[in-house]
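Novice: Here it is, the structure in full.
Since every read-out is calculated from the coordinates, none of them should be taken as a lab result. Owing to the predicted nature of the structure, the values given are computational and were not obtained by experimental measurement. Cβ sites come from the backbone with ideal geometry, for glycine too, and all protein chains shown count toward neighbours.
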Amino acid sequence: MTTRIRLLEIGAFAGIAAALSAALAVPPEATQGDLARMLFVHVPSIWLAYLSFTVTLVASAAYLKTKSLRWDRAAGASAEIGVVFTGAAILSGMIWGKPTWGVWWTWDARLVLTAVLFFVYLGYLALRRSTEDPTARARRSAIFGMLAVVQIPIVHFSVVWWRTLHQQASIARPGGLEMDPPFVAAFLAALVAFTVVYVALLVRRIELASTEDEIEAALRRSDLPVAGAAVVTPDLRSADV
Amino acid sequence: MSAPVVSLRALGVDLGRTPVLRDLDLEVAPGEAVGISGANGSGKTTLLRVAATLLTPTTGTAEVLGVDVTSDARFDVRPTIGFIGHTPSLFPHLTLAENTSFAAELLGATISDVSSALAQVGLSAASSRRADHCSFGMQRRAEFATLLLAPPRLLLFDEAQAGLDSGAVELVDHLLKDVVARGGGAIVVSHQRAHGGLPLDRTLELDNGNLEVAA
Amino acid sequence: MIGLRHQAAAIARRDLLSEMRSGEVLWVIAPFAAIALLLIPLGIGTDVPTLRRIGPGLYWAVVLLFGILVALRQSADNAGPQRDRLAMLGADPAAVLAGRAAAAAVLLIALEVVLLPVMLALYDAPIAGWGWLLALVPLVGAALAMLGTLVSAVTGPSATRPALVPLLVAPLAIPILLAATQALEGLRLGESILTWLLLLLTVNLALAVTGVLVARPLQEAG
């Protein structure tokens, strides 16, 4: 198991190195110049944001069905990675947006949705932190996951409708770029590399979580004193000294 | 031999990450009243909450009135369990009568039951007083009134007789005898081994997360 | 045992009675929200045309943000021994959620009704199609009540709940906010607001179904 994780991590590093060199090797894009290189980070981050969210939801549903804490660990791990990449997607989008649109933020439906996703993730992680008991935590976070599944499509449609009503002057979109073959190749390399990084982080995080649980189970098996053992008969004489 | 009212097997309960009960076995037979004593923090309340189906075991199994406490059937047996916790549970902004009527409505009892129950616990004259304006003992009595509305098959008392006057202690005594006479069971928990002289069939001591026969 | 609807009705009546006695929503949360409506112009400037334009939107944002407090009110008696008492009386988890949500909906509608004249007075915002408000206000109140009640049940009696519930509710309440503001905007422009009412109806239905489905798993002990 450990060797396989190690290989996966080496693969992730190699993938990132390859994607980075490819991203730096392609010639500057015709209209946006070097700025277009930001897409090599931005788009894979968005992809991972949605991928990890989906994994969290599937794992939550699987937990509710099987009640196996393995699924809960997967859900939590994926959400942690997801919040990082959602943040990265928003941040890289802002860095790209400022020189392109002249503003850090625009009220585009996709931007709003990504921000919503970020906050839902944060809330999900805060909910996990606030519950100590492993089973209660698993159940509550899985149920919140289900609530989010029901609500997020509605959020999506409402935001899209809202934007269609307030269509502003069309803005330059990443999709409007001229994609020549070397650019596309570097782009695909970045997508693959990010995905491998995600899988490596996920596997490592799940392993860490299950080790934590094992340690706890071991402590429980051993002679960890029960809560009541901490209370002894009051000894008034010792206070006299 | 009929089925036990409460059956806890190899029960272990952790609260958060702290073990409270460990490998505990307890069986309460129909018509039996059991007293459990123990020091502060020894896990008496935790044990009672498992028997009330409010807490699920971390390890082992717990069956109450023939129902596994983790199954959905626990929602159906709850009204037949009379659980009196160590803090009064009345809704503070409601009067004693409103509190009792609310319980009656959920339990399917009638309004005349409410006034007779309040009369039996000696609170007729105070029934229109808000719970948060009543003393501890009065709130306790009002909780006992709820038990008179729908006589339970299992009584769980957590220090129920503490802080009560002699009349109210007699009420506890009566409730206990009544459930036992009807073939139900009772678990009474208190700090004192004597359990205030309540009529108990046996007494156990909770120590180190487990039960032993009281000395 | 009595039916689910009777249980839910009894629980809703109890919640409202407690609230009537404590006055937490109408005497504490509503004035607090009204202060927010007063503070915002002090912060952004008191230019009348601007206030007229932003008034309705701010009104809904304030209803939403302060409405979350309704789910957190103490008078819901949703913690400790009272929570146990309700469980031990044999109330079905779905009936508890439904009853609590119904009471919260009544309180939220009251909050909306109290804040509306405050907004109209302070912002001088034009409102058209008053009749439609009879549908809009209850739909918003019910949706927000169900969302708040559900999330409040999900977080359980944790110590961080007062901060956690708003964090979890706010992003998921976006459709409610958008539908409410766009509906008022549509009324002002004389457009049909059926789409937005339909959206609110969908939110209500989705939350009601979710509530029924998760009620029992949520009530699991612990």
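Novice: Calculate, axis by axis, the spread of Cα positions in segment C:136-216 along the three principal axes, and write the results as whole Å, longest axis first.
Specialist: Largest first, segment C:136-216 extends 47, 25, 16 Å along its Cα principal axes.
Novice: Need the full-extension length gain, B:Asp165 to B:Asn208, defined as separation in residues times 0.36 nm minus the C-alpha distance. One decimal, nm. Display every interim value, and only then the final one.
Specialist: Numbers: separation 43, 0.36 × 43 = 15.48 nm, distance 3.25 nm.
Answer, rounded to one decimal: 12.2 nm.
Novice: Let me ask another. Once you have the Kirkwood Rh of segment A:26-66 from its Cα pairs, apply Stokes-Einstein at 37 °C and 0.692 mPa s and quote D in µm²/s. Spell out each step's value before the answer.
Specialist: On the way: Rh = 12.5 Å.
Estimated diffusion coefficient is 263 µm²/s.
Novice: Just to be sure I understand: of the beta bridges DSSP finds with both ends in segment B:61-194, what percent are antiparallel, rounded to 5? The partial results should precede the final answer.
Specialist: Numbers: 3 of 12 bridges.
Roughly 25 percent of the DSSP beta bridges within segment B:61-194 come out antiparallel.
Novice: Which FRET efficiency value, to the nearest 0.05, do you get for C:Thr46 and B:Ala3 by plugging their Cβ-Cβ distance into 1/(1 + (r/R0)^6) with R0 = 51 Å? Walk me through the intermediate numbers first.
Specialist: Working: r = 75 Å, r/R0 = 1.47.
Efficiency for this residue pair is about 0.10.
Novice: Sort out for me the Cα centre separation of segment B:5-43 from segment C:164-222, rounded to whole Å.
Specialist: 44 Å
Novice: Arranged from highest to lowest average of other beta-carbon atoms within 10 Å per residue, in what order do the peptides A:98-104, C:95-101, B:76-82 appear? The partial results should precede the final answer.
Specialist: Values: A:98-104: 12.1, C:95-101: 25.7, B:76-82: 19.9.
Top to bottom by mean Cβ count within 10 Å: C:95-101, B:76-82, A:98-104.
Novice: Let me ask you something else. Run the simple label-point estimate for C:Ile2 and B:Ser124 please: 7 Å along Cα→C-beta, distance reported in nm.
Specialist: 2.5 nm
Novice: Whose amide H sits under 5 Å from the amide H of B:Arg129, counting only residues 5 or more places off or on another chain, with H placed in the peptide plane?
Specialist: B:Leu96, B:Ala97
Novice: With each pseudo-label sitting 7 Å past Cα toward Cβ, what's the A:Ser68-A:Ala14 distance in nm, one decimal?
Specialist: 3.1 nm
Novice: Could you tell me the convex hull volume per residue, in Å³, taken over the Cα atoms of segment C:71-221? Could you put the intermediate results ahead of the total?
Specialist: Working: hull volume 17.2 nm³, N = 151.
In segment C:71-221, the Cα hull volume divided by residue count equals 114 Å³.
Novice: Can you give me the Kirkwood hydrodynamic radius for segment B:35-140, using every pair of distinct Cα atoms, in Å to one decimal? Please report the intermediate quantities before stating the final value.
Specialist: On the way: mean 1/r = 0.0632 Å⁻¹.
Result for segment B:35-140, one decimal place: 15.8 Å.
Novice: To check you understand DSSP bridge types, tell me what percent of the beta bridges within the protein assembly as shown (both residues inside) are antiparallel, rounded to 5.
Specialist: Taking every DSSP beta bridge with both residues in the protein assembly as shown, the antiparallel ones total about 50 percent.
Novice: Here is a follow-up. Check the straight Cα-Cα distances from A:Lys65 and name the lysines below 24 Å, setting aside those fewer than 8 residues away within the same chain.
Specialist: none
Novice: Sticking to Cα atoms, compute the Rg of segment A:97-165 to one decimal and its Dmax as the biggest Cα-Cα distance, whole number, in Å.
Specialist: 15.9, 48
Novice: Right, next: Placing one identical point scatterer on every Cα of the protein assembly as shown and ignoring solvent, what is log10 I(q)/I(0) from the Debye formula at q = 0.06, 0.10 Å⁻¹?
Specialist: -0.44, -1.04
Novice: Right, next: Taking the alpha-carbon distance from B:Lys177 and a cut-off under 18 Å, which aspartates and glutamates remain once sequence neighbours fewer than 8 residues away in the same chain are dropped?
Specialist: Straight-distance partners of B:Lys177: B:Glu32, B:Glu143, B:Asp158, B:Glu159, B:Asp201.
Novice: Dividing the convex hull volume of the Cα atoms of chain A by its residue count, what figure in Å³ per residue is obtained? Display every interim value, and only then the final one.
Specialist: On the way: hull volume 53.1 nm³, N = 241.
Spread over its residues, the Cα hull of chain A gives 220 Å³ apiece.
Novice: Just grab the label-to-label distance for B:Thr59 and B:Lys177, each label 7 Å out from Cα along the Cβ direction, in nm (one decimal).
Specialist: About 4.3 nm separates the two model spin labels.
Novice: Between A:Leu7 and B:Asp25, what is the FRET efficiency for a Förster distance of 60 Å, r being their Cβ-Cβ separation, to the nearest 0.05? The partial results should precede the final answer.
Specialist: On the way: r = 49 Å, r/R0 = 0.82.
Using R0 = 60 Å, I get an efficiency of 0.75.
Novice: Suppose R0 equals 30 Å. What FRET efficiency, 1/(1 + (r/R0)^6) with r the Cβ-Cβ distance, do A:Met94 and A:Val150 give to the nearest 0.05? Before the final figure, lay out the partial values.
Specialist: Values: r = 30 Å, r/R0 = 1.00.
Approximately 0.50, to the nearest 0.05.
Novice: Restricted to Cα positions, what overall size does segment A:23-140 have along the principal axes? Three whole-Å values, descending.
Specialist: 54, 29, 20
Novice: Between A:Val84 and A:Ala185, 0.36 nm times their residue separation minus their Cα-Cα distance comes to what? Present the calculation step by step, with values, prior to reporting the outcome.
Specialist: Numbers: separation 101, 0.36 × 101 = 36.36 nm, distance 2.53 nm.
Residue separation times 0.36 nm, minus the Cα-Cα distance, leaves 33.8 nm.
Novice: Cα-based Rg of chain B per 2.2 N^0.38 Å, rounded to two decimals?
Specialist: 1.00
Novice: Would you tell me the mean number of C-beta atoms belonging to other protein chains that fall within 10 Å of each C-beta in A:136-145, as a whole number? List each step's numbers first, then the result.
Specialist: On the way: counts 7, 2, 0, 7, 9, 1, 3, 10, 7, 1.
Per residue, the number of nearby Cβ atoms from other chains is 5 on average.
Novice: What does the average come to when, for each residue of peptide A:109-121, you count the partner chain Cβ atoms lying within 10 Å of its Cβ? Walk me through the numbers on the way to the answer.
Specialist: Values: counts 0, 0, 0, 2, 1, 0, 2, 4, 1, 1, 6, 5, 1.
The per-residue average across the peptide is 2.
Novice: What value, in deg cm²/dmol to 500, does the helix sum -39500 (n - 2.57) over DSSP H runs of n ≥ 4 give at 222 nm once divided by the residues of chain C?
Specialist: Working: 9 runs with 179 residues, N = 222.
Value at 222 nm, helices only, nearest 500: -27500 deg cm²/dmol.
Novice: Please list, in chain and number order, the residues 5+ apart from B:Asp68 or on another chain whose amide H is under 5 Å from its amide H, with Hs placed from the backbone.
Specialist: Counting only residues 5 or more places away or on other chains, the set is empty.
Novice: Give me a single rounded figure for B:105-111: the average over its residues of other chain Cβ atoms within 10 Å of their Cβ. It would help to have the intermediate numbers written out before the result.
Specialist: Numbers: counts 9, 15, 5, 4, 0, 0, 0.
For peptide B:105-111, the averaged partner shielding equals 5.
Novice: Report the gain in length on full extension from B:Ala39 to B:Gln192: 0.36 nm times residue separation, minus Cα-Cα distance, nm rounded to one decimal. Let's see the in-between values first.
Specialist: Details: separation 153, 0.36 × 153 = 55.08 nm, distance 0.87 nm.
Difference between extended and current length: 54.2 nm.
Novice: Please compute one quarter of the surface area of the Cα convex hull for segment C:29-153 and express it in square nanometres. Can you show the working numbers first?
Specialist: Values: hull surface 33.1 nm².
Orientation-averaged projected area of the Cα hull: 8.3 nm².
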